[in-house]
Amino acid sequence: QISDHRDAWEIVRRADHPNVGLILDSFHTLARKIDPQTIRSIPGDRIFFIQLADAPQIEMDLLYWSRHFRNMPGEGDLDVVGFMRSVAATGYNGPLSLEIFNDQFRGGSPKSISVDGHRSLLYLMDQVRRLEPNIKLDVPAMPERIRVNGVEFVEFAADETETEELGAILHTLGFQRTGQHVSKDVELWRQNEINIIINTEREGFAHSSYVVHGTNVCDIGLRVDDAQATVERAKILGADLFDQPVGPGELKIPAIRGVGGSVMHFIDGKSDLSRVWDIEFSATTDETAALNAGLIRVDHIAQTMNYEEMLTWVLFYTSIFKTGKTSMFDVVDPAGLVRSRAIENEEKSLRITLNGADNRRTLAGYFIAESFGSAVQHLAFETNDIFTTTDRLSANGFRPLVISPNYYDDLDARFGLEQDFLDRLRQSGILYDRNDDGGEYFQLYSPNYGEGFFFEIVERRGGYDGYGAANAQFRIAAQKRGLRPKGMPRG
């Protein structure tokens, strides 16, 4: 049993033959907790081959873990960067091989897996190059991972009838129609820092998205430090760039393809991009007055996909943007589990939850099937005062998702809340969670729109960073009741 890379090197050194060298494997090094720093004492020319794999951190039999759960570097929890730093420091300049044993990959798309593999190696070596100078391995130059400063806009594709329906919902949420595009059938709706676009054009990308998916979030705009550097890095990492003809009065905004064929546009403060709302939109007066509900920004965007796609999009987001991934957790649906994890930046100005469905009977699976592909299933808006917001929403005519009274009995059993506080939650339809540090989370949901899309309003107190996973089963049960007349199977 080799417990140290220096032991293996001593065997090679004593053999003293030009055809005898070392093969180093990141999984077996890191899974066995062998210190990768011991690689640095090995001459680079005596390392003949490198095998790379990552894996989720799971306590299980090593052989079973190795044969079924490996994934691409950057998709798991092992310190593959630290391993590769030590290898590169030796002066190694040979091949890098991916040795991935994973049941999910065996049945997956060869093209998708090969794209992920290439992206994972580029991302890995970009990190190594920045941490370990003067390495001999050839690494393509690319901009650093991109800092995201927040969500600039969310765009819906719709037709004229559904635009009226969606507009009516936005009014109840406290949004006002503040702008009309100078040359297109595109409306701007705004509340504080939140910009919602509704696109009813009869040609172009948004129209194609509507034809395939129905009313859906077809485009997300992110505020970044450098929009051009974002698409440069994304392109080198294998993302598909997005481009379509620019109409009169429009800016050419850098963009790439995202989840489910959607688009991501990038806005920065270095050019006219920062003035996009003034340049592309004329101010309008909304005939329907709505009370500002105190929704201040996008808290998170929830993207639903088939479970086998999740690793692809985790790698996509974390390799392009300066973000990290949370641990995987299970969302309990009466019809099965939905696996979820969040992509977040350090400032928490970008939060994207990825929800992977295994079957159509879950609400997430139903949404994927009925909307013909992975997409944004819900938008969560942040407020600083959930109770004031609830009062204002009610004045606007908003009617929240009806939560079973049993939920509040369960809540009382879990937390022992003051009766007045519990009654206020119950009367407003607000869900509640609290973490071990005393951080609190409040959630209010809209009823379903279309085939399972919905809005969420949240308030975070005391540093609560989660997403209320304990409440999911109650929320989903209430949403399914709303879908059953359309044929939603019972859980």
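Per atom type, region 296-379 shows carbon and sulfur on 51% of its accessible surface, probed at 1.4 Å. Note that region 388-394 has calculated 3J(HN,Hα) couplings of 5, 4, 4, 4, 5, 4, 4 Hz, one per residue in order, obtained from phi through the Karplus relation 6.51 cos²θ - 1.76 cosθ + 1.60 (θ = phi - 60°); glycine and proline are x. Between the amide H of Ala357 and those of Met305, Asn306, Tyr307, distances stay under 5 Å, these residues lying 5 or more places away or on another chain, with hydrogens modeled in the peptide plane. Tell me which label goes with the value of Kirkwood radius over Cα pairs in Å computed from the coordinates here: (1) 22.5; (2) 24.7; (3) 23.5. Computed from these coordinates, Kirkwood radius over Cα pairs in Å corresponds to label (2).
The distance linking region 103-148 with region 190-238 is 25 Å (Cα centroid to Cα centroid, whole angstrom).
Bridgeable lysines around Lys325 (alpha carbons under 26 Å apart, same-chain partners fewer than 8 residues away excluded): Lys33, Lys111, Lys235, Lys348. A full extension of the chain between Asn19 and Arg275 corresponds to an added length of 85.8 nm, given 0.36 nm per residue minus the alpha carbon distance.
Suppose accessible area is computed on protein heavy atoms with a 1.4 Å probe; arrange Lys480, Lys322 from highest to lowest.
Working: Lys480 5, Lys322 100 Å².
From most exposed to least exposed: Lys322, Lys480.
Solvent exposure of region 139-259, expressed per residue, is 40 Å² of accessible area, with all protein chains present and a 1.4 angstrom probe.
Under a 1.4 Å probe, what is the accessible area of region 1-135 per residue, stated in Å²? Please report the intermediate quantities before stating the final value.
On the way: 6820 Å² over 135 residues.
Value for region 1-135: 51 Å² per residue.
By a 1.4 Å probe calculation restricted to protein chains, His378 has an accessible surface near 20 Å², given to the nearest 10. Add +1 for every Lys or Arg and -1 for every Asp or Glu among the other residues with Cβ under 13 Å from the Cβ of Pro43, and state the total. Net charge in that neighbourhood comes out at +2. Only Lys, Arg, Asp and Glu carry charge here, each on its Cβ (+1 for the first two, -1 for the last two); on that basis the chain has a dipole of about 1080 debye about its Cα centre. Taking a sphere under 9 Å around the Cβ of Gln443 and counting the other residues whose Cβ falls inside, with K and R at +1 and D and E at -1, yields a net charge of -2. Between Asp79 and Leu63, the contour length at 0.36 nm per residue exceeds the Cα-Cα span by 3.8 nm.
Whenever you get a sec, compute what percent of the accessible area on region 408-491 sits on carbon and sulfur atoms (1.4 Å probe). Walk me through the numbers before you get to the answer.
On the way: 1550 of 3720 Å².
On region 408-491, the fraction of accessible area on carbon and sulfur atoms equals 42 percent.
Solvent exposure of Thr326, expressed as accessible area, is near 40 Å², computed with a probe of 1.4 Å over the protein chains only.
Can you give the charge dipole size of region 290-418 about its Cα centre, rounded to the nearest 20 debye, using +1 on the beta carbon of Lys and Arg and -1 on the beta carbon of Asp and Glu?
Working: 12 positive and 17 negative charges, 76 e Å.
Once rounded to the nearest 20, the dipole reads 360 debye.
A 1.4 Å probe run over the protein chains yields, for region 297-414, 37 Å² of accessible area per residue, whole-number rounding.
Protein chains only, probe 1.4 Å: how do Asp433, Asp358 rank by accessible area, largest first?
On the way: Asp433 15, Asp358 90 Å².
If we order Asp433, Asp358 from most to least accessible, we get Asp358, Asp433.
With the contact rule set at Cα under 8 Å and sequence spacing of 6 or more, what percent relative contact order holds for region 1-96? If you can, show how the numbers build up before the last one.
Values: 137 pairs, mean separation 30.6, N = 96.
Rounded, it is 32 percent for region 1-96.
Mean separation of Cα pairs under 8 Å and 6 or more residues apart, divided by the residue count, gives the chain a relative contact order of 11 percent.
Asp35 contributes about 80 Å² of solvent-accessible surface, heavy atoms of the protein only, 1.4 Å probe. Distant-in-sequence amide contacts of Ala55, defined by a placed amide H-H separation under 5 Å and a gap of 5 or more residues or a different chain, comprise Asn71, Gly76, Asp77, Leu78. Against the criterion of solvent-accessible heavy-atom surface with a 1.4 angstrom probe, Lys235, Lys325, Lys33 sort, most first, into Lys33, Lys235, Lys325.
When only Cα pairs below 8 angstrom with a gap of at least 6 residues are kept, region 347-491 shows a relative contact order of 28 percent.
Put the Cα centre of region 270-308 next to the Cα centre of region 1-63 and the gap is 51 Å. Between the C-alpha center of region 68-90 and that of region 354-419 there is a gap of 38 Å.
How much net charge surrounds His171 when only other residues with a Cβ under 14 Å from its Cβ are counted (Lys, Arg +1; Asp, Glu -1)? Before the final figure, lay out each step's value.
Values: positive: Arg177, Arg190, Arg392, Arg399; negative: Glu164, Glu165, Glu187, Asp286, Glu287.
Around His171, the charge tally is -1.
The values are calculated or read from the model by the stated rules, or taken from the named source; none is laboratory data. Not measured: the values here are computed from a predicted model. Virtual Cβ from ideal backbone geometry, glycine too; neighbours counted across all protein chains shown. Heavy atoms of the whole protein, side chains included, go into the accessibility calculation; ligands, DNA and RNA do not. Shrake-Rupley method; radii C 1.70, N 1.55, O 1.52, S 1.80 Å.
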